[in-house]
1. Hey, Val356 hits all of (1) of a type in the set (Val, Ile, Thr); (2) within 15 Å of the ligand (Cβ to nearest atom); (3) in a loop (DSSP other than H, G, I, E, B) but one; which does it fall short on?
2. Six or more apart or on different chains, Cβ atoms under 6 Å: show the pairs whose first residue is in the stretch 216-228 and in contact (Cβ under 8 Å) with a residue 24 or more places away in the chain and whose second is in a loop (DSSP other than H, G, I, E, B) and open to solvent by 20 Å² or more (accessible area, probe 1.4 Å).
3. Filter the stretch 25-73 for residues that are exposed (fewer than 15 other Cβ atoms within 10 Å of the Cβ) and acidic (Asp, Glu); which is farthest from Ile15 (Cα to Cα)?
4. Quick one: what pairs do we get from the stretch 426-439, first residue in contact (Cβ under 8 Å) with a residue 12 or more places away in the chain, second among the acidic types (Asp, Glu) and open to solvent by less than 80 Å² (accessible area, probe 1.4 Å), C-beta under 9 Å, 6+ apart or different chains?
5. Looking at Ser184, Ser146, can you tell me which residue is away from the ligand (no atom under 16 Å from the Cβ), at pLDDT below 95 and either touching a helix residue (DSSP H, G or I) at 6+ places or on another chain (Cβ under 8 Å) or not assigned by TED's automatic domain parsing to the domain that holds Thr324 (or both)?
6. Anything in the stretch 193-212 that is open to solvent by less than 10 Å² (accessible area, probe 1.4 Å) and more than 22 Å from Asp341 (Cα to Cα)? List them, or say none.
7. Please tell me if Val337 is in contact with a helix residue (DSSP H, G or I) (Cβ under 7 Å, 6 or more places away or on another chain) and either open to solvent by 40 Å² or more (accessible area, probe 1.4 Å) or more than 20 Å from Pro218 (Cα to Cα) (or both).
Amino acid sequence: MALDFGGEVPLYRQISLWFQRAIRTGQLLPGQRVPSTRALAKELRVSRIPVLSAYELLIAEGYLEPFAGAGTCVSRSIPDAFSPPEKVGLAAPEASAPQPKGKRAVSRRALAMRGPAQAWLRGCHGCTDLQHFPIGIWSKLVRRHSRRISREIMGYGDTMGYRPFREALAEYLGAFRAVHCDPSQILVTTGSQQALQISALALLDCDDEAWLEEPAYPGTLQALKAAGARPVPVPVDRHGLDVEYGIRTANDARVAYVTPAHQFPLSVTMSAARRIDLLSWAARNGAWIVEDDYDSEFRFGGNPLASLQGLDTEGRVIYVGTLTKVMFPALRLGFAVVPPDLVESFLDLRNATDTVSTPTLHQMVMTDFIREGHFSRHIKKMRAVYMERRKAMIQAIRDEADGLLEVAGDDAGLYVLALLPSGVDDLQIATRAHRMNLLVGTLSRCYAGVPARGGLTLDYANIEMRNIPLMVRALRSIISAGVR
Ligand SMILES: Cc1ncc(COP(=O)(O)O)c(C=O)c1O
């Protein structure tokens, strides 16, 4: 037994792992006597303590058993073909990982999910501005809640979410988004992605149809595929989702997933007429609407629009929101406002997806951040910052890329949608842009079919003003090289 005296793995662990391996490989056989702790310690030139600890562990785990009379032997109940899971710590992972022969089967669902949707999120649809984030206030609030040992923070939290956080959210949503809700209807989730996921699992059986905007947010498609549902792409025009098309194509769909305030990625707002048509369809058919209201705080032209949920008199809308855009993505705080009769089912699925709750600490910190007025101040400040960047991005496109990029969509959100000339492949442009570290998303990634024209989503949330023209200039050269 070669021991590593300077290594990270404690001696008792090395000794017990050696015995486990020897038993597994048949080097030591069931019933075979092992050396006494004293003899082994002497042979290994170590004190008896690690050997005693190793034997204790091996006996507790059932590898060894005390021998009738005196001494210890390999447990007689160990089956011949015994093969315990690989152990931590000694061998390099690549050496110990089992090497399967050929491809092994995974579920059809897993195969359907294959694709870089989340990588795309990370790369292109990245971060909010961090320069203006009130880090002093934030860290003070984190300290306030993390200084003491607290069962509330360190134990399992309320599955619906920390109650005072839900109360603060309910007030905010009522005042600023005209969402009708009681805190008991709010389910706090780990990002809004989890809310989309839970809604799909709670409302759709395998192969049920769900309307999905064409084009759509790739995260929603992932949620539907993971639930085994059948997405039905419904085109979006300048008035939002073409409800008539949805009715003609899949009237019996169970759910419609929409981004009415700021369609992702076409950046249009759903008209009042379409909102009413969609709500009437859902009421008539007993269908559900999932409203993904991911960035409506940032609307630069005109007043903020009321939510679809606020217009709904039949309790058919599940309102999904996130703090990713107004705060920062790693906070992973999202929520769903669920009609009262669905709360129990959403709760059951929340429990099944990630056991219990989103960490309470950040919910507590966020509660104070809202209650003490920092949240509304931060949103107000960021609105001005983003509006300036948006203007600069649009101006740079006009100055630097006229004829190559055409700005489309409403004055809202944290990206500019820029259409490419007909026939230019946005994926190719984005691949080249990524090589130059330019964070752009593509329209075609969001389509089930082929878009009439390719386009880029240009995030401006986390780019400095002075870099905006440089970014557009770099894109211009990539695009003009592609056009030629
Ligand atoms: C349409 C849409 N919904 C939701 C989200 C946010 O997801 P999460 O709250 O999981 O970070 C995004 C993020 O970019 C988005 O674009």
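1. Unmet for Val356, out of (1) of a type in the set (Val, Ile, Thr); (2) within 15 Å of the ligand (Cβ to nearest atom); (3) in a loop (DSSP other than H, G, I, E, B): (2).
2. Pairs found: Gly228/Cys206.
3. Only one residue fits best here, namely Glu61.
4. Leu439/Asp459
5. Working: Ser184 fails: at pLDDT below 95.
Among Ser184, Ser146, only Ser146 is away from the ligand (no atom under 16 Å from the Cβ), at pLDDT below 95 and either touching a helix residue (DSSP H, G or I) at 6+ places or on another chain (Cβ under 8 Å) or not assigned by TED's automatic domain parsing to the domain that holds Thr324 (or both).
6. Trp211
7. Values: in contact with a helix residue (DSSP H, G or I) (Cβ under 7 Å, 6 or more places away or on another chain): yes; either open to solvent by 40 Å² or more (accessible area, probe 1.4 Å) or more than 20 Å from Pro218 (Cα to Cα) (or both): yes.
So Val337 passes the test.
Results for (1) within 22 Å of the chain's Cα centre (by Cα); (2) within 16 Å of the ligand (Cβ to nearest atom), shown as yes or no for each residue.
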{"position": "Ala168", "(1), (2)": "no, no"}
{"position": "Ser192", "(1), (2)": "yes, yes"}
{"position": "Trp211", "(1), (2)": "yes, yes"}
{"position": "Glu214", "(1), (2)": "yes, yes"}
{"position": "Ala223", "(1), (2)": "yes, yes"}
{"position": "Gly228", "(1), (2)": "yes, no"}
{"position": "Val236", "(1), (2)": "no, yes"}
{"position": "Val243", "(1), (2)": "no, no"}
{"position": "Gly246", "(1), (2)": "no, no"}
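The values are calculated or read from the model by the stated rules, or taken from the named source; none is laboratory data. Given the structure is predicted, the values throughout are model-derived calculations rather than measurements. No Cβ is skipped: glycine too gets one built from the backbone with ideal geometry, and neighbour counts run over all protein chains shown. In case anyone asks, the SASA skips ligands and DNA or RNA and just uses the protein heavy atoms, side chains included. Shrake-Rupley method; radii C 1.70, N 1.55, O 1.52, S 1.80 Å.
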